[in-house]
């Protein structure tokens with residue numbers, strides 16, 4: 001009776017005495033002289049350590065090794081909270097995230113060109129596109145109107161003002177004159193628009209669905225299906241027909257991180273199309289709006305170390 | 001982030017169809033798990049009833065299944081059966097077994113021996129006696145088990161959102177992903193699943209009383 | 001088979017045995033979260049249970065509330081307390097998880113303490129009073145020890161639930177073994193997923209067994225069955 005009880009007690013007491021900050025950083029492990037980054041904690045999505053445009057890229061392109069990687073969420077409120085609370089000093093958010101401005105965070109410039117063109121791009125089953133070729137012009141017109149400012153504004157209305165994505169989408173389509181109907185284009189063909197849990201992809205999916213519905217398609221919405229790992233197989237198997245993707249991330253997903261994406265949207269979309277053709281998928285025209293990884297610090301941290309670009313993190317540790 | 005109210009009723013009003021859809025998914029996930037769980041449990045309980053020596057291994061095994069945390073159980077299944085309805089249901093069904101089997105057996109064991117003898121005397125065969133005499137008498141205890149299994153399953157279904165299977169947990173997860181955290185979705189999902197559990201429990205209690213006017217409810 | 005090999009390889013990688021994300025550290029975090037929450041739950045629920053169990057006042061109300069509390073899905077409570085805890089400035093991870101876990105421990109401990117105390121043979125209580133014991137002495141020296149097996153059984157339920165739910169804490173950026181499962185999902189690493197699931201499952205079963213042992217062994221021989229009836233029996 002004594003041993004397990006004592007063990008439990010020892011562990012609990014251990015928690016009390018060492019507290020939470022027992023994950024002492026050892027900045028100089030790398031051998032080379034310590035950089036600022038090696039004294040900072042980096043927070044990002046759990047998959048970040050294995051993604052070419054996250055930790056791997058930060059290390060290979062910028063030579064940055066952080067003191068610790070803290071798994072958070074995919075550029076969501078948990079990451080924002082961790083950054084505001086000082087639980088991490090550097091974090092990964094997304095360029096289209098309205099909370100960067102809302103919290104006065106500083107997005108560090110990607111001065112070495114690590115990030116690739118993550119422009120929003122519709123990915124559709126080729127079979128469905130061939131059956132209704134009119135879809136291409138409709139979605140290309142939509143993508144043409146979607147600038148970075150428009151995308152941030154759409155995101156802000158849904159997340160900060162808590163408006164419903166379908167209302168926001170319908171209004172935006174009307175404002176852009178994209179809801180002008182030609183029902184003969186769809187002629188009653190049915191199409192399933194899918195989306196991950198990510199609100200932005202859901203807004204985009206609502207936009208796609210709205211345009212298609214206005215033009216005579218019978219649209220079924222399958223939203224909040226989970227992560228890309230769930231949605232892409234569903235697309236390939238024909239459970240859904242159309243999703244909103246991000247050019248570079250999608251390409252690196254399909255080519256399993258081969259590093260083929262470039263900072264150029266059209267070029268990246270072209271390679272993406274080569275990679276997904278055999279899977280029966282087609283990527284249409286990319287929007288100018290991007291949602292790329294943004295390496296972000298608080299205003300305080302930026303001022304303290306004089307940070308404006310990612311390579312500033314490689315300065316010697318103070 | 002801003003001082004918005006805890007629950008935005010405007011959002012609720014505008015998203016009644018989404019909420020209803022998640023609620024129906026939740027009910028469906030729960031219903032399938034309970035139906036399959038009940039069927040398997042009756043099967044196993046009858047087997048144990050006939051072959052007593054099987055009781056220990058079956059009870060132990062289902063007991064261990066019950067102890068495995070839900071996230072871990074789903075995690076075992078995902079690499080094998082994928083992020084699928086099947087994974088969710090295998091997990092959910094596993095948790096109902098020990099509760100239901102224990103109560104079915106306790107109910108059957110609670111039938112007084114003289115009642116059994118009387119039934120034998122009236123010419124019932126073993127299965128006839130089980131169906132016509134013992135099961136009806138065991139019903140209050142069995143339904144009591146079903147109530148516990150129902151409440152447990154409704155709670156566990158919120159976790160299946162983590163493997164992409166919808167239900168009210170999906171509202172919770174989505175609310176957690178929104179910039180600034182969208183509390184309304186989290187509370188609507190959480191509170192509705194609690195209400196669902198309480199309503200389901202009370203409904204089963206009423207059914208239990210209606211079905212067994214001769215017995216006072218034991219829980 | 002491939003899955004087994006992947007899992008074995010994951011366990012075999014020395015990198016997975018050191019640092020914040022290493023197995024010893026994740027187990028420690030998990031046990032710390034669970035242990036602290038269980039202790040806090042006992043501190044809160046035990047005196048309350050003894051009080052209402054001894055006096056009988058407010059019993060049905062407390063039990064009613066506790067029973068509804070049992071229907072709160074653990075995952076929902078975990079995420080629901082997050083905005084509240086963040087509002088208090090307590091940060092992510094540790095505190096939201098602890099608060100949710102404590103909420104979960106209260107119903108089983110409270111209900112069992114109350115039920116256990118109410119179940120003590122009135123004759124024993126009368127005998128204690130007859131011996132000149134004061135009310136608090138009756139509650140602490142007679143009723144509480146007699147109710148101990150039932151209280152430990154309730155604590156066992158709470159402990160197993162806490163260990164299970166602590167793994168969901170990873171969703172709100174807490175440490176613990178749940179990290180391996182969620183990170184494994186995100187990284188599509190089956191070995192990591194299965195390893196995490198194995199560790200959590202073993203920890204939960206060990207907790208259950210440990211408390212089962214306490215349930216059987218932790219009761220003073222003076223009040224084992226038989227003695228309960230007391231001199232009058």
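Quick note: the coordinates plus some simple rules give every number you see, no bench work behind them. Predicted model, so just to flag it, every value in this text is computed and none were measured. As a convention, Cβ positions derive from the backbone with ideal geometry for all residues, glycine included, and neighbour counts pool all protein chains shown.
At a glance:
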| quantity | calculated |
| --- | --- |
| Chain A, relative contact order in percent, only Cα pairs under 8 angstrom and at least six apart counted | 27 percent |
| If the convex hull is drawn through the Cα atoms of region C:22-226, its volume per residue in Å³ | 127 Å³ |
| Length gained when the stretch residue B:211-residue B:106 is fully extended (0.36 nm per residue, less Cα-Cα span) | 36.0 nm |
| Histogram of C-alpha separations across region A:166-270, 10 Å bin width, % | 15, 38, 35, 12, 0 |
| Relative frequency of Cα-Cα separations exceeding 18 Å in region B:25-180, percent | 62 percent |
| Shielding by partners - mean other protein chain Cβ count within 10 Å, residues of B:57-70 | 4 |
| Cβ-based exposure ranking for B:122, C:1, B:185, C:80, in which fewest neighbours within 10 Å come first | C:1, B:122, C:80, B:185 |
| Peptide A:86-92, shielding by other chains (average Cβ, 10 Å cutoff) | 1 |
| Extended-chain gain in nm, criterion 0.36 nm per residue less alpha-carbon gap, residue C:8 and residue C:209 | 69.8 nm |
| Cα long-axis angle, helix C:74-87 against chain C (0 to 90 degrees, to the nearest 10) | 80 degrees |
| Degrees, to the nearest 10: C:59-70 long Cα axis against longest axis of chain C | 10 degrees |
| Burial ordering of B:159, C:111, A:231, fewest other beta-carbon atoms within 10 Å first | C:111, A:231, B:159 |
| Computed log₁₀ I(q)/I(0) - Debye formula, equal Cα scatterers, no solvent, region A:83-150, q 0.19 Å⁻¹ | -0.90 |
| Shape parameters for region C:59-117, alpha-carbon atoms, Rg then Dmax in Å | 13.2, 39 |
| Calculated FRET efficiency for the pair residue A:127/residue B:32, C-beta based, R₀ 35 Å, to 0.05 | 0.65 |
| Pair residue A:255, residue A:140: separation of 7 Å Cα→Cβ label points (nm) | 2.4 nm |
| Choice from C:197, C:186, C:164 showing the highest fluctuation, given a GNM over chain C with Cα pairs closer than 10 Å | C:186 |
| Cα centroid separation - region B:5-70 against region B:114-145, whole Å | 27 Å |
| Cβ neighbours within 10 Å from other chains - mean over B:180-186 | 6 |
| Distance (nanometres) between label positions extended 7 Å along Cα→Cβ at residue B:12 and residue C:68 | 1.5 nm |
| C-alpha center-to-center spacing [region A:279-314, region C:9-53] in angstrom | 37 Å |
| Set of region C:146-183 residues, backbone N closer than 17 Å to the point 7 Å along the Cα-Cβ line of residue C:40 | C:158-176 |
| Rounded tilt (10° steps) of A:265-276 against the dominant C-alpha axis of chain A | 80 degrees |
| Cα Rg, Dmax, the protein assembly as shown, angstrom units | 29.1, 95 |
| Debye intensity ratio I(q)/I(0), log10, chain A, q values 0.08, 0.10 Å⁻¹ (C-alpha model) | -0.43, -0.63 |
| For chain C, built as a Gaussian network whose Cα springs stay under 10 Å, the top-fluctuating residue of C:160, C:200, C:138 | C:138 |
| Ranking of B:87, C:18 by count of other Cβ atoms within 10 Å, fewest first | C:18, B:87 |
| Highest to lowest packing among A:240-251, C:146-157, A:102-113, scored as the average C-beta count within 10 Å | A:240-251, C:146-157, A:102-113 |
| In nm, spacing of pseudo-spin labels at residue A:308 and residue C:129 (7 Å Cα→C-beta vector) | 8.2 nm |
